[in-house]
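Working notes, beginning with the structure itself.
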Amino acid sequence: MRYSRAVFKFQQSRESKMWILIFLAFSLVVTRHAFSQGEMGHSAPEASVVSAPPIKIHRPLETLLKGIDIHVTWAGSIKKPLVALTFDDGPHPQYTAQVLRILEEQGVQATFFVVGRSAKRHPELLRKILSAGHSLGNHTFSHTRLTSVRNGLLREELERTREIILEETGVNTCLFRPPFGAFDSRSLAELAIRRMEVVLWSVDSRDWVTNSAQEIRHNVENTTQPGAIILLHDVHPQTVEALPGIIHSLKNRGYGFATIPEMIPAPQTAWGG
């Protein structure tokens, strides 16, 4: 196996395809009717403060006929001495900037899985992450556990963050990391529809548990192997303190650093990329 990943297949039966086609046709009629009502001057109901953007399915006919795959990856190839630093839960107005400065000084690229509500508050940091050569991924809008939210909220959590990243940076990312690493068949189906790549991790720094930079370094350095995807968080001061030593130690052991797209290229069909 080249990568440590799993592939799940969602395939519709002939009967389910028929009902999906009927549903799509009905939705089109309702949408056109609502649009025409708006044109005739009827006022629409007051929108919520923040509404979820519409679901976008890449190649919907192919999806309907062939089913869809979803990849879940937790490590890269063991054939090359490469590792991927990943940072969750930001952007943070103080610590993300410090992490970016350290990465620049060390000449290292990383991947940032951002929370939508934080990205909305600090869009300049999204642009700074991208301009420095790093990659962006989706970490839901409010850092909610996907297995415990209702369907409508689940879709909103995925779409709102994707739209914020796209609006602020022009990047339509297909990378997704579920908060707490938690997902189920329902959330996987929602991710599959959106052609998202689920990225987990093989090394947990546990910087979310301890305040000790030394312990964080120990957790990373003692468990890193070729292809490791390393979980860190750019919202803690102890992570910032531990980061230079982690990079220095791994470099001394002969490791190079890659972003997630460099380590595990996503399919070219992902979000029309």
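Output the residues belonging to the range 76-104 that are within 26 Å of Tyr255 (Cα to Cα) and free of Cβ contacts under 8 Å to residues at least 12 places away in the same chain.
Arg101
Modelled with pLDDT of 95 or more, in a loop (DSSP other than H, G, I, E, B), surrounded by fewer than 16 Cβ atoms within 10 Å (Cβ to Cβ) and among the small types (Gly, Ala, Ser): does that describe Gly245? Here the answer is no, as Gly245 does not meet what is asked. Considering the range 248-268, and only residues there that are assigned to a helix (DSSP H, G or I) and of a type outside the set (A, V, I, L, M, F, W, C), the residue that is farthest from Leu85 (Cα to Cα) turns out to be Asn252.
Scanning the range 98-118 for residues that are among the aliphatic types (A, V, I, L, M) and either within 13 Å of the chain's Cα centre (by Cα) or farther than 19 Å from Asn138 by Cα (or both) turns up Ile102, Leu103, Val108, Val114, Val115. Evaluating Gly116 against the criteria (1) surrounded by fewer than 22 Cβ atoms within 10 Å (Cβ to Cβ); (2) touching a residue at least 12 places away in the same chain (Cβ under 8 Å) leaves one unmet condition, (1). If you go through the range 199-236 and pick out every residue that is over 23 Å from Thr96 (Cβ atoms) and surrounded by 20 or more Cβ atoms within 10 Å (Cβ to Cβ), you end up with 1.
Select from the range 219-232 the residues that are over 21 Å from Ile264 (Cα atoms) and either not in a loop (DSSP other than H, G, I, E, B) or not assigned by TED's automatic domain parsing to the domain that holds Arg101 (or both) and list them in ascending order.
Selection gives Asn219, Glu221.
The values are calculated or read from the model by the stated rules, or taken from the named source; none is laboratory data. Computed from a prediction, not measured in an experiment: that's the story for all the values here. Glycine gets a Cβ as well: all are built from the backbone with ideal geometry, and neighbour counts include every protein chain shown.
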